[in-house]
Structure formats: structure tokens, C-alpha cells
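The values are calculated or read from the model by the stated rules, or taken from the named source; none is laboratory data. Since this is a predicted model, take the numbers as computed values, not measurements. Backbone-built Cβ (ideal geometry, glycine too); neighbour counts: all protein chains shown.
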Amino acid sequence: MKIVAIAINTFREAVRDKVLYSLLFFALGLIAASVALNRLAIGQQAKIITDLGLASISIFGTLIAIFVGIGLVSKEIERRTIFTIVSKPVGRGSFLVGKYLGLVLTLAVEVGIMGACFLGMVAVYADGALGPASVAIGVIFLELCVITAVALLFSSFSTPFLSGLFTVAVWVIGHLTPDLREIGAKGGGVLASITEAVYLLLPNLTRFNFKAQVTYHLPIEPALVAGVVAYGLVYIAFVLMAATLIFERRDFT
Amino acid sequence: MIPALRIEHLVKDFRHPMTLRRMRVVDDLSLEIRAGETFGFLGPNGAGKTTTIKLVNGLLRPTSGRIAIFGREARDLAVRARVGFLPEQPWFYDYLRADEFLDFYARLFDIPRAERRLRVKRLLDRVGLGDRARDPLRKFSKGMTQRLGVAQALINDPELVILDEPMSGLDPIGRRDVRDIILELKREGRTVFFSSHLLPDVEMICDRVGILVAGRLLDQTDLHERLAARETESEVRVAGISPAVYRQASALAKRTVGSGSEFLFEVPADGTVEKLIDLVRGDGGRIISITPRRESLEALFLREVRGAKPGEEEPS
């Protein structure tokens, strides 16, 4: 109940801060793309629409996850609104989880609307890809949830600027961890241990990329999806627990 | 009886972010507030009042010492449900409307919906914002925000109400309104703990007072005794007296200011005021005003710190 109240309040803030207006840009992009698509050959249309669509859902979502995520806690501290919240019978962990779920809800609405528009276009230009495309959107949403958790973790102990920097760094490295690990393994020694540690510690965001399956209409194994979902949920739980541990000890001056 | 608040040997150190030097902000503070009492927590700016209040409300962790509210650890969630808190210069979610704002806080106490609606309406009326329920907070003035902050602190019908500088930055009407609310809380039998750096805010409404200077609590004896000791002289304005009475009155006064038919006498506050009044009345003169002049709170702090006698006096 308390967590839900905090989540709804966070969602309300995002909506009233006009975060969802970013959907307009997505819609404009979509219209522009569909005009351009009419000039292309049938096969090309399907590939471009899936590539472009998934990429923009991912980019718009990531921007919101990072930029709203880093402010989730720091803004409450900066504006001193947190004083009246954590002095109430609200555990600090509940506060963090509430804030987190509020942004996840915002992302769900954003990705839901973008996804519905995207699937509409897929149905028109590449209806064979509807199934994989739906799964791909779901997995992108999970990736956004992971990024939000990371942003929240940094935001629980550092400034918005540094949190933003750290989260972007994690996002970039998270898309490179398998490559880094490979390079490290070839180098051997200390380097291998370091890259292995980075691989284990930072999220492996390449796991959330199902673009190839959508583009080439390949079937997606349920076991693969289940593995990715389990990985994402465990990673989120781990990050939120770390954030709570840090936050529990924090002084609000 | 279990005290509403008991602070034992509380110490809070902060580290300077750059030099990492340790700064002691609260220094071995012990304090007990009985249930039903109105306690004024006084001290100059920077004395450590806000830090103490934050420690009591679980926003800061003590370096050492213990804080118990109704006999339980201050950060215990069951205890938090019995406390209301208004921070200093509060700032709230300005994207919310006043009613949404209070409803949100009521939800943090798991108050059922029907009850929430009732309380929100009642509290908005109580703080004089009944007709602003649907206005967004970003349109609220400082005084209105402060009043809403008081409403927020009362949403859970708390037994202990902690207010940090509830009157600072308010105009005279705003101060009076907050003072009336505190008096009402007192009548309802709630324990009120509030801080101020201004004595007039405190002296009329508190049962007891504690003075904090440089992180240390100085004294906790009865308020009225202590304040009476500070009343050092009075200014008496009179009119319509004869030159003979003027001369007699001047002899009683430390200082006399005269212009035309009106005179101002500064007399010690030891019964001389009454003598002067009798003198003027006996001559058929008029008393225009009597203004007690008091040692300022700052001077009182200084005296307490230095253990000195009353020195310079300033009007309060």
C-alpha cells in the first residue's frame, strides 16, 4: 500500500512533468518513416521498419530510464521532500522500491504505446514478424527496468550529474561486456580477471537484444526468453538490494 | 509514565566534505519531554536545533547516544506512526494539488480511503486552506505552504508533534495562525516539540523551554521564571502631567525623553513602574503605553554561555 502510494506519486510526477510528451517525437518519426517506406522495395521495407522501430523504442526508453531514473532519489533529497517521507512509517527500502516501480510504470506506458504503434506497422509491412517483434519489445522493456535500477542505485548515493555519467557508462559497457571478456581472456593474467569481474558485475545488456530474430523472422526459443527474464529479474533484485543497503545508512542533511 | 521523547547523551559529528575534519554539531545532549507538554527548543541559528530534530525523526544517524520516542527506538516504524513532523522551510511536490498532497501522506499511514477523504477535508479547513483544496502547490505562497506542512504533520492524528521553526518566514498573521494551531494541539493533549530562534514565538505557548547553544543544552528550568529575570526595564509613555510631577517622575526614571505634552520614562522593572503610574494618575495625567523592555534572546544566550550578569538590554 505504501509502496503503491509512492509508485503512483512518482508516476504522476513523470506524467505531470510531461515525460510522455516524448511519445510525440516517436509518433512524428513513425509518420516520417512510413512516408519514406513507400519509396522502398517490399523486402527492404520490412527490415527497415523492424530495425528502426526497435531501435527507437530502445533509445527513447533508455533516455527516460536514465534521465528520470537519476533524479528519482536525488531530486527528493535536493528539494528536501524526502524529509517528510522517511520520517513517516515508511522503510527506506520501501521508499526506493516505490520510486523504482513508479518509473517502471511510466516506462511501461511509454513502451506500451510505442510498441502498439510499432506492431501496427509491423502488421502492415512484415506480418510474419509479429510474434518475435512482441517478444523483442517485452525484452527491451526488461532491459529498461535493469537500466532504471542501475540509475536508482547511483542516484541513492551520488549527485544527478555523476549518476547520469555512471549510468551511461554502465549502459555502454553493458553492451560490450561479452566482447571485453573475450579480449581479456585472450590477454590472460590480471586483465582476464578484471574483464571477467566486469562481465559478472555489470549487466550484460546484449542478452536483451532480439533484433536479429525479428528481422529474419526466426523463431525465439521460450527457454531463451525465460533465461533472459530470470537474468533480468535477479539482476534488478540484486541492484535494488544494494541500493537499499547504501540508502539505509545515508544521512539526510 | 513513559516520556514522549527521551534523548540521552546524544552526539552528532559531521565530517567536512573537503578537509574531512570532524565537526561536532550536537554535543552530549540529554533531554526529556513529558507526554502532553509543549516544549520550546530555543537557540541561535546554527546551534544544532535542526540537526537534533533530524536525529529525532530518523533522518540522521546519531554518532552516539540514544533517542527514544514513547519508550521505543526513534526509527522504529511503529513509533513513526505516532509522530507528526514539519521540517524547516518545507518544500513539497509542487505538481500535486493540496488535496492530492494530503491524500498521498495519509496513504503512507495506510489510512483507509473513506477516512482519508474526511481527514484531508478537515485538516485543510483547520489550516485555513479549505477553499484551495484543488489548487496546485506550485501556486502556493510561503505561508500557505507552511500551513499545508502543518496539516501534513497532523494527518496521522499524532501524539507527538515536532515542528522545526514553524513560524520562520511568516508574516505576523501567519505567525499568529501557527501559534493558535499549536495552542489547539496543546488543548487536545498532544505533546508538542518545536524549535525557534525567536523568543516571542515561544514564551506565550510553552510549558518548558530548552536552550541549545553550540550543540549543548544549557538549561531546562521553568520558562516563566527564566523570562521574568530577563525583564529589566519598562518604557512608560505619559501625557498631561504638571511640571512638578514631571520632575518627580524624572527622578524615578533612568532616562527621560520629552517632547511637548508627551513624555517617555525608562524605569527599572522592580515596582518603580507602579510608583510612576500612581504618580501620573494622582496628577490627572494619562498613561499612553507601557512597554516592557527585555534582554534579547541573543543577549540571554551570551549571558548563559559566559555565565555573566544581565548586561546590555534591547527591546524584545
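One line per residue, one yes/no per condition, for (1) touching a strand residue (DSSP E or B) at 6+ places or on another chain (Cβ under 6 Å); (2) more than 30 Å from A:LYS47 (Cα to Cα); (3) assigned to a helix (DSSP H, G or I); (4) in contact (Cβ under 8 Å) with a residue 24 or more places away in the chain:
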residue	(1), (2), (3), (4)
A:LEU191	no, yes, yes, no
A:ALA223	no, no, yes, no
A:VAL228	no, no, yes, yes
A:ARG250	no, yes, no, yes
A:THR253	no, yes, no, no
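Inclusion of A:LEU165 among residues that are in a helix (DSSP H, G or I), within 28 Å of A:VAL109 (Cβ to Cβ) and in contact with a Lys or Arg (Cβ under 8 Å, 6 or more places away or on another chain) is not warranted.
Condition check ((1) surrounded by 15 or more Cβ atoms within 10 Å (Cβ to Cβ); (2) small (Gly, Ala, Ser)) across all residues:
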{"position": "B:ARG97", "(1), (2)": "yes, no"}
{"position": "B:TYR105", "(1), (2)": "yes, no"}
{"position": "B:ASP110", "(1), (2)": "no, no"}
{"position": "B:LEU123", "(1), (2)": "yes, no"}
{"position": "B:GLY130", "(1), (2)": "no, yes"}
{"position": "B:ASP135", "(1), (2)": "no, no"}
{"position": "B:GLY149", "(1), (2)": "yes, yes"}
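Of the residues making up the stretch B:90-107, those that are without any contact (Cβ under 8 Å) to a residue 12 or more places away in the chain and either at the interface with chain A (Cβ under 7 Å from one of its Cβ atoms) or within 28 Å of the chain's Cα centre (by Cα) (or both) are B:PHE104, B:ARG107.
Return yes when A:ALA149 is more than 16 Å from the chain's Cα centre (by Cα) and assigned to a helix (DSSP H, G or I) and no when it is not. Taking the combined requirement at face value, the residue does not satisfy it. State yes or no: is A:VAL4 out of contact with any Lys or Arg (no Cβ under 6 Å at 6 or more places or on another chain), within 13 Å of another protein chain (Cβ to nearest Cβ), part of a helix (DSSP H, G or I) and in contact (Cβ under 8 Å) with a residue 24 or more places away in the chain? Criteria met by A:VAL4. Within the stretch B:108-118, being in a loop (DSSP other than H, G, I, E, B) and more than 9 Å from chain A (Cβ to nearest Cβ) holds for B:ILE111, B:PRO112.
Scanning the stretch B:31-89 for residues that are in a loop (DSSP other than H, G, I, E, B), within 17 Å of the chain's Cα centre (by Cα) and within 14 Å of chain A (Cβ to nearest Cβ) yields B:GLY46, B:GLY48, B:PRO87, B:GLU88, B:GLN89. Scan the stretch A:1-32 for residues that are buried (at least 20 other Cβ atoms within 10 Å of the Cβ) and of a type in the set (Ser, Thr, Tyr) and jot them down. Scanning the stretch A:1-32 gives a single hit, A:THR10. When B:TYR93 is tested against (1) within 24 Å of A:GLY91 (Cβ to Cβ); (2) touching a helix residue (DSSP H, G or I) at 6+ places or on another chain (Cβ under 7 Å); (3) in a helix (DSSP H, G or I); (4) not hydrophobic (A, V, I, L, M, F, W, C), exactly one condition is not met: (3). If you go through the stretch A:75-96 and keep only what is more than 9 Å from chain B (Cβ to nearest Cβ), small (Gly, Ala, Ser) and under 21 Å from B:ASP103 (Cβ atoms), you end up with just A:SER94.
Taking the condition assigned to a helix (DSSP H, G or I), surrounded by fewer than 23 Cβ atoms within 10 Å (Cβ to Cβ) and either within 14 Å of chain B (Cβ to nearest Cβ) or not acidic (Asp, Glu) (or both), does A:LYS99 pass? So A:LYS99 does not fit the description; no.
Confirm whether A:TYR235 is modelled with pLDDT under 85 and away from chain B (no Cβ under 14 Å).
Working: modelled with pLDDT under 85: no; away from chain B (no Cβ under 14 Å): yes.
For A:TYR235, the condition - modelled with pLDDT under 85 and away from chain B (no Cβ under 14 Å) - is not met.
Each residue in the stretch A:7-24 was checked for being part of a helix (DSSP H, G or I), within 14 Å of A:ILE64 (Cβ to Cβ), of a type outside the set (Ser, Thr, Tyr) and more than 7 Å from every other protein chain (Cβ to nearest Cβ), and 7 of them qualify. For the stretch A:168-186, a residue qualifies if it is assigned to a helix (DSSP H, G or I), among the aliphatic types (A, V, I, L, M) and closer than 19 Å to A:GLU143 by Cα, and the qualifying residues are A:VAL168, A:ALA169, A:VAL170, A:VAL172, A:ILE173.
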